[in-house]
1. Where the convex hull is taken over the Cα atoms of chain B, what is its projected area averaged over directions, in nm²?
2. Charges only on Cβ, +1 for Lys and Arg, -1 for Asp and Glu: so what's the dipole of the stretch A:192-323 about the Cα centre, in debye to the nearest 20?
3. State in Å² the accessible area per residue of the stretch B:70-154; use a 1.4 Å probe, count heavy atoms of protein chains only, and round to the nearest integer.
4. What accessible area, in Å² to the nearest ten, does a 1.4 Å probe give for B:TRP14?
5. Tilt of helix A:444-459 relative to the longest C-alpha principal axis of chain A, in degrees (0 to 90, nearest 10)?
6. How far apart, in nanometres, would the label points at B:ILE134 and A:ARG22 be if each is projected 7 angstrom from Cα along the Cα-to-Cβ direction?
7. By per-residue mean of other Cβ atoms within 10 Å, what is the highest-first order of B:71-80, B:90-99?
8. Need the per-residue list for the stretch A:406-424: every residue with at least 20 Å² less accessible surface in the complex of protein chains than in the chain by itself, probe 1.4 Å, sorted by number.
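The values are calculated or read from the model by the stated rules, or taken from the named source; none is laboratory data. Being a predicted model, the structure only gives us computed values, none of them experimental. A quick note on method: Cβ atoms are made from the backbone with ideal geometry, for glycine too, and the neighbour counts reach across all protein chains shown. Remember, those area values only see protein heavy atoms, side chains included, never the ligands or the DNA or RNA. Shrake-Rupley method; radii C 1.70, N 1.55, O 1.52, S 1.80 Å.
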Amino acid sequence: MRSTPTMTDAPVLLSLQNITKRFGALTANDGISLDLHRGKILALLGENGAGKTTLMNILFGHYVQDEGDVQVLSKGGLTALPPGSPGAALKAGIGMVHQHFTLAENLSGLANIRLGTEPLLSFGREGAARAKVQKIIAESGLDVDLDRRVADLTVGEKQRIEILKALYRDAKVLILDEPTAVLTPQEADGLFVVLRRLAANGLGVIFISHKLGEVLAVSHRILVLRGGKKAGELVTANADRRAIADLMVGKAVAAVVRTPASPGEVLFALENVSLHGAGGRSLSGVDLKLRAGEVVGLAGVSGNGQSGIAALISGLAVPTGGTMRLYGETVTRADPRALVANGVARMPEDRQHDGVVGTMSVADNIAIEEVRSAAFSKMGFLDRKAMRDRATAAIAGYDVRCQGPDAEARLLSGGNVQKLILARVLERGPRVILANQPTRGLDVGAQAEVHRRILAARDRGAAVLVISEDLDELFALADRFVVVRAGELHDAGPSEGLDRGTIGLMMAGQSHARAEMAS
Amino acid sequence: MDVLFDILGSANFWAAAIRIATPLIFGVLGALICERAGVLNLGIEGIFVAGAMAGWLAVYLGAGLWGGVLIAALAGALFGLLHALLTVILGLSQHVSGIGITLLATSVSYFTYRTALPDVSSPPRIAAFQPVSIPGLSDLPFIGPALFQQTPLTFLALVFVALVALVLYRTPLGLAIRAVGDNPASVEAQGLSVMGLRVGAVVVGSALMALGGAFLTMSAFDAFFFGMVNGRGWICIALVVFASWQPGKALLGALLFGAFDAFQIRLQAQIGQVVPGQVFLMMPYLLSIVALILVARRADYPRALLQPWTKGQRH
């Protein structure tokens, strides 16, 4: 199972040996070993909860392993890294881009990059730092405004800051944890170009993902994890897609089939709606109709008004102009609770942050939107048993992997949080569903499951709006497309007869692309 | 109206405002440093008492005025270290620990005073700091007596405002402190010690708070009384919010409060026969609350304030 002969030419930069880590009863990593060679991209592939992130956190010193060694190439050959010391990992040339960014949002991008790289009491080093970062930007194409507060950057820009942080420290090994989960397809392609260029210059890259396609596209070697164990290791050039998928999931994944829709009455409508808001939230003159039994796919480059539309449907904002109607009645007050009670289901974009309360239990999070309803309360008191029963059923029915209804939600991986949210909102039988980036960061199995659930809800008669940066996902789900650009919404018509190119052009601002192409 | 102009037009009023503001400047800077690093330090009220007591006692026992200042800062640092051990290292509730520190530091100070001076009935006096003249500046008409005839500790407080701003905004250390109060993970990911930064910030911040107390016994007065701190620490906690955690605005807030207080004393002297004295005493606090209401709604709290950091756990 060691690397093939062609791989031995380049020296090993990093070696993990028999890493084991347990969280309570859960063994997240079980005797995992791997080697990373200079100039190579190693993909770490596995479903959510397979132990990928845990392994990398050990490597970077965020967690302390229970058993095993991390060895890094230094002058005298491979030497073991002291466990639990991010400082030592950094010094050894390991740079990590986390799935959840580790940025101070009150500081500028440049400040985040400089953080910890200079003597604490020194002055006037900003100029030199800026010059070095700009050189890296020029070489790598990681373009970003260095002086804006990180809080005001988009997710994609924050990721670029994270990568720059590692490169700024002259990393020998770059670890990226689910880097494409937050990117548009175009941005992801750009990232792959950057990674290949960096590898060609001698960097070793570990690319963590659950997306087979991009792993095959970008890596030299693939290591598959399943259930905390190494399920297989192969050279990408010789790899077979089918075989890897089976290694990863342990069983075959059935494709989701979308049957033709039969749209009914309009359940939710925006009529000439405008919204004033900061940070890509503004809308102007937006018309949108969501019909029963139909999925509308909202495409667009991130930050063009998606969050405004999501805020309206979620009850977090009311239009500053125009009319918003739910079941024909005008909504004039931002009242999330009333919307939820009236059958609106919301899957927020940032599910960890807006979707669950991390320090509350799975059961609490399942019940949180309807604690006042008779289902979960008795004479004004919480019905703990009902909440736990619902949670137990949800854990089983939606395959939420956790230690039980009492586990804290923050301990769940991203995919399992999304399943928890699905269980919470779909079990109520909602009539209008907002699915904002519903499978961002999810693996193949979980993705298919979410898609199946959404389509099932549609077939039951729900009106669904899917907002996604993943065009494949929109084509899998949507019966009809709308494209948002600069706060304006353009109707792209039924998904039959549309292709990625047309949508891409509309996203880029050519709203009449369809007509031009037809003529 | 005439009364108002009489008061605002007197150099004496402005000198008093700055004098009253001095302990608050120390205190609010100290609280600001702690909170920027993510730690609320409600021990401030007690640390004021400890600083007032320790500094005064050191001078009384012959340490010299600046020796007393140093001892006061050390006493503050010591209680700061205790607060940091409890809240940063052990991750206990910052509210509970802070209030505990206030009770402890106050009691220990009173106890020490009583034990050190068992036989005195009236508080003994020391030779306190005297106003110094700055050649040239102090002789300016109006401005001179208003601004430049203060004791050395007042000038020290102003120097600290600049120093804290400089460190916070112009050094990598300041960068790290601001980062650790916003997202400790960002600091750890860059190889800095979350614990080290926070403990350091709380210790230094607490030392500054103690200087606020020392000003009371070594500059404003020349003796130690029970109850002399009288809520100044709590005012500082409010002023930090008012200041949006910025040193410059912290100075402004302290001066504003000092001005309110100086104003009410003078107003009381002028029209005290008509309005009960308590109304005037209430005024600066009332105005602080009004100012807070105007500012605090938009307050940009350090995001990690009150959140303990535990390494090796999932976050």
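1. Taking the Cα atoms of chain B, their convex hull projects to 18.1 nm² on average.
2. Dipole of the stretch A:192-323, to the nearest 20 debye: 660 debye.
3. Roughly 55 Å² per residue, with all protein chains present.
4. 100 Å²
5. Helix A:444-459 sits roughly 0 degrees off the main axis of chain A.
6. Going by the 7 Å Cα→Cβ label model, 6.7 nm.
7. So the peptides B:71-80, B:90-99, ranked by packing, come out B:71-80, B:90-99.
8. Residues passing the criterion (a loss of at least 20 Å², heavy atoms only) are A:ARG410, A:LEU411.
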